[in-house]
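Notes follow once the structure below has been shown.
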Amino acid sequence: KAGVTQTPRYLIKTRGQQVTLSCSPISGHRSVSWYQQTPGQGLQFLFEYFSETQRNKGNFPGRFSGRQFSNSRSEMNVSTLELGDSALYLCASSLVPGLDNSPLHFGNGTRLTVT
Amino acid sequence: DQQVKQNSPSLSVQEGRISILNCDYTNSMFDYFLWYKKYPAEGPTFLISISSIKDKNEDGRFTVFLNKSAKHLSLHIVPSQPGDSAVYFCAASGGNNRLAFGKGNQVVVIP
């Protein structure tokens, strides 16, 4: 079974631009979550989607947004990029929301560098 | 505010010996706890989890212990193997997929 697939693996953008990251969950998984990893803050929750609906949102500004499609694939968008947005963005999927017997499985991430 | 804390950022252990990683949390609403392992350039890999109704869960060489009164959990790896060298993250949740992660412990297993 293929794992969580994130594209692209690496991305370089300049301040003020916008970026879209893509995530394909494990086949059959319907819940997709996004996390940001930075050296200073560690792994921080961005948002979670299930059945094309955002169920949870972390403490990030409105420049960070996402969506989920009917095939459970998800995208996240960051507008008006800032230097501090440079990070590893991780997507994770699970069968359904709620973790018992359905832990999150992570992709290898998209490394975003903002210059 | 860091709700999940992992002290002792790095740990070196001899192959075959026990590795013990500790994690403390502050939010009493957390009821599900997980450990993930991460290699460089890869995403975190799920290792083992424990529900708050248990105080111990075992899976092969990995055992997680939970002390709810102390808001403390630990991961034991016995015996440690060189392939266990990685960063280990403790995570906690209040029953949804919004995980709060610790900042990780680097484990180095010396052959």
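For segment B:63-85, the condition of being out of contact with any Leu (no Cβ under 8 Å at 6 or more places or on another chain) and closer than 22 Å to A:Ser94 by Cβ holds for none of the residues. Give the residues of segment B:92-108 that are in contact (Cβ under 8 Å) with a residue 40 or more places away in the chain and either crowded, with 21+ Cβ neighbours inside 10 Å or farther than 21 Å from A:Ser33 by Cα (or both), sorted by residue number. B:Ala92, B:Ser93, B:Leu99, B:Ala100, B:Phe101, B:Gly102, B:Gly104, B:Asn105, B:Gln106, B:Val107, B:Val108 - these are the residues of segment B:92-108 that are in contact (Cβ under 8 Å) with a residue 40 or more places away in the chain and either crowded, with 21+ Cβ neighbours inside 10 Å or farther than 21 Å from A:Ser33 by Cα (or both).
For the list (1) part of a loop (DSSP other than H, G, I, E, B); (2) buried (at least 17 other Cβ atoms within 10 Å of the Cβ); (3) of a type in the set (Val, Ile, Thr), I need the number of the one condition that A:Thr80 fails. Status for A:Thr80: all satisfied but (2).
For the structure I just gave you, tell me whether B:Phe46 is under 21 Å from B:Gln106 (Cβ atoms), within 11 Å of another protein chain (Cβ to nearest Cβ) and in contact with a strand residue (DSSP E or B) (Cβ under 8 Å, 6 or more places away or on another chain).
Details: under 21 Å from B:Gln106 (Cβ atoms): yes; within 11 Å of another protein chain (Cβ to nearest Cβ): yes; in contact with a strand residue (DSSP E or B) (Cβ under 8 Å, 6 or more places away or on another chain): yes.
Considered against the rule, which asks whether it is under 21 Å from B:Gln106 (Cβ atoms), within 11 Å of another protein chain (Cβ to nearest Cβ) and in contact with a strand residue (DSSP E or B) (Cβ under 8 Å, 6 or more places away or on another chain), B:Phe46 comes out as yes.
Just one of the listed residues (A:Ser24, A:Ser51) is over 27 Å from B:Leu47 (Cβ atoms) and hydroxyl-bearing (Ser, Thr, Tyr), and it is A:Ser51. Are any residues in segment B:61-91 in contact with an Asp or Glu (Cβ under 9 Å, 6 or more places away or on another chain), within 14 Å of another protein chain (Cβ to nearest Cβ) and surrounded by fewer than 18 Cβ atoms within 10 Å (Cβ to Cβ), and if so, which ones? Within segment B:61-91, none qualify.
Output the qualifying pairs, or none if there are none: Cβ atoms under 8 angstrom, residues six or more apart or on different chains, first residue in segment A:68-87 and touching a residue at least 60 places away in the same chain (Cβ under 8 Å), second residue surrounded by 12 or more Cβ atoms within 10 Å (Cβ to Cβ) and in a helix (DSSP H, G or I). Close Cβ pairs satisfying both conditions: A:Val78/A:Asp85.
Considering every residue within segment A:98-109, establish whether at least one is farther than 23 Å from B:Leu47 by Cα and surrounded by 15 or more Cβ atoms within 10 Å (Cβ to Cβ). Before the answer, list the steps.
Taking segment A:98-109 and keeping what is farther than 23 Å from B:Leu47 by Cα, we get none.
No, segment A:98-109 contains no residue that is farther than 23 Å from B:Leu47 by Cα and surrounded by 15 or more Cβ atoms within 10 Å (Cβ to Cβ).
Flag: A:Gly109 does not match the condition of being free of Cβ contacts under 8 Å to residues at least 24 places away in the same chain and among the small types (Gly, Ala, Ser). With a requirement of 1 or more residues that are under 13 Å from the mean Cα position of the chain (by Cα) and of a type in the set (D, E, K, R), the strands (runs of 3 or more DSSP E) lying completely within segment B:1-94 that satisfy it span B:19-25, B:32-38, B:56-59.
Every number here is computed from the coordinates shown, using simple stated rules; none is lab data. It should be emphasised that the depicted structure is a prediction, and the values quoted were computed from it without experimental measurement. As a convention, Cβ positions derive from the backbone with ideal geometry for all residues, glycine included, and neighbour counts pool all protein chains shown.
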